[in-house]
1. Quick check on this structure: which one of 482, 490 is buried (at least 18 other Cβ atoms within 10 Å of the Cβ) and touching a residue at least 24 places away in the same chain (Cβ under 8 Å)?
2. Go through (1) within 16 Å of the ligand (Cβ to nearest atom); (2) at pLDDT 90 or above one by one and return the number of the condition residue 115 breaks.
3. Exactly one condition in (1) surrounded by fewer than 20 Cβ atoms within 10 Å (Cβ to Cβ); (2) closer than 22 Å to residue 546 by Cβ; (3) within 13 Å of the ligand (Cβ to nearest atom) is false for residue 381; which is it?
4. Mind checking which residues of region 546-563 are assigned to a loop (DSSP other than H, G, I, E, B) and more than 16 Å from the ligand (Cβ to nearest atom)?
5. Considering (1) surrounded by fewer than 19 Cβ atoms within 10 Å (Cβ to Cβ); (2) under 37 Å from the mean Cα position of the chain (by Cα); (3) within 23 Å of residue 548 (Cβ to Cβ), say which one residue 370 fails and leave the rest.
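The values are calculated or read from the model by the stated rules, or taken from the named source; none is laboratory data. None of the values given here were measured: they were computed from a predicted structure. All Cβ positions, glycine included, derive from the backbone under ideal geometry; neighbour counts span all protein chains shown.
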Ligand SMILES: Nc1ncnc2c1ncn2[C@@H]1O[C@H](COP(=O)(O)OP(=O)(O)OP(=O)(O)O)[C@@H](O)[C@H]1O
């Protein structure tokens, strides 16, 4: 999801501060301590020059040796102590807190995100953002930032110190070290592109996996479970190709970088040897320098190894940020609550893609409190979109939606959802007890209230026959509830919620006649004395509706009672006749 290709180290630092949130002071302090630690480590290395000089001089002076050795020991001690305190940040639980805070923030965002935006994400994508990406984005805090500091600060201090010893030797290092820069840039470009492609491919793989597992029964029935599960197979291959490509492309810069220190050593030995021969450089100074430089091999090679960690973090946090930056739908002032439950759509237009392709066009209708309104029309004409606009799935592109004269933009999402119950065609039951699945509609409900709702929803008897009655875990039933039974549990939820408006999204469309009768009975209890909107495919179930909205291609082309529109609307008449014919064939 990120458009960024290459963040500078400063940007990575700024991101880190943002991630650290309220712990940013601790993070900055830890970076400062690491900085002091590695400056002093560089100085301790540099003490090799005077120390070796003192040891190997023609007349060694023990006091001078102790003097330089004491400095070396002092710098090393400061380095160890400050490094220890620097790591306090990762050892004392801050990183766990930061990870937790980030997940809580993302969780809140998901709760308040407009459903329209949420629906644009694949489940696997959100899954990888909340799990892997959160972990990756804080990876570098602690050990990795210490390592990074070490590989940049220590060589810099050594080069600077060498200037005081012999500027020519320092210049050799300064001339060769900048060759690391293009290598660094190539490596980062490869790495950041690989990370982005890898993240996209990985979330796609997660989505395909989730889809594969959920669709396993269907895949089995069409013999597509093995290698024939093409999409999953492709997703796995894509991840492998990206990883292989990335590994191949980043090996060369790593090898060259590793050789760079060897090259410096060779040039130092060659030129240093000449200068020693000519008498312009002390042999002991050259020897000390070779010892110090050879100690830089490891940090410089590590440098390129550490870069991908920053890129992983950068790419992961940018993905997190796209979620954090999503704006919740605004509740307009003054905040209001609906006191009555008439519904009015006035000149409503809506486009999913925020362009001129409207899924709803100039929708106008009024629903009286406690009446029954049905929406009918061919598939894709906009029936569900109307109900989504009532639930403020997104803001309408034009026009207004009102409940009891209050524009729903002035109602908080909580207030709005308090007023509406929805019964969907596909029921989702959570992996929890039957009781808790119903109770979630009204957390403070007593068991008696729940049983009463279940009796009304015509599901009390079959729940009692479950292995542990109301305490039976839905997961333990292993999908053994029928569609009609699940549907009645969801209706019990809606009855318990007791919202004044009920939306029925074709709840009986996929049920057989026996289940349909049982569910219809439950629905009859639910809709009593409420404002009801029903999306109906079977027109026979809505002939008694107070108003029927006939839709075609996003518009309401006719509205009225069954007896009126069967005469005035050709579309409705044709649908009715087609369904009556089917009924005759089926009987
Ligand atoms: N999330 C979405 N993003 C983009 N377009 C969408 C989205 N959901 C629906 N649409 C489009 O909006 C139009 C209306 O869809 P809607 O689901 O409201 O129709 P419907 O009448 O309820 O259909 P059905 O009876 O098949 O459920 C369709 O053209 C559909 O493709």
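1. On the way: 482 fails: buried (at least 18 other Cβ atoms within 10 Å of the Cβ).
Of the residues listed, the single one that is buried (at least 18 other Cβ atoms within 10 Å of the Cβ) and touching a residue at least 24 places away in the same chain (Cβ under 8 Å) is 490.
2. Result: residue 115 passes all but (2).
3. (1)
4. Hits for region 546-563 are 546, 561.
5. For residue 370, the failing item is (2).
Conditions tested, residue by residue: (1) within 16 Å of the ligand (Cβ to nearest atom); (2) touching a residue at least 40 places away in the same chain (Cβ under 8 Å); (3) touching a helix residue (DSSP H, G or I) at 6+ places or on another chain (Cβ under 7 Å); (4) not in a helix (DSSP H, G or I).
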| position | (1), (2), (3), (4) |
| --- | --- |
| 443 | no, no, no, yes |
| 486 | no, yes, no, no |
| 496 | no, yes, yes, no |
| 502 | no, yes, yes, yes |
| 508 | yes, no, yes, yes |
| 524 | no, no, no, no |
| 532 | no, yes, no, yes |
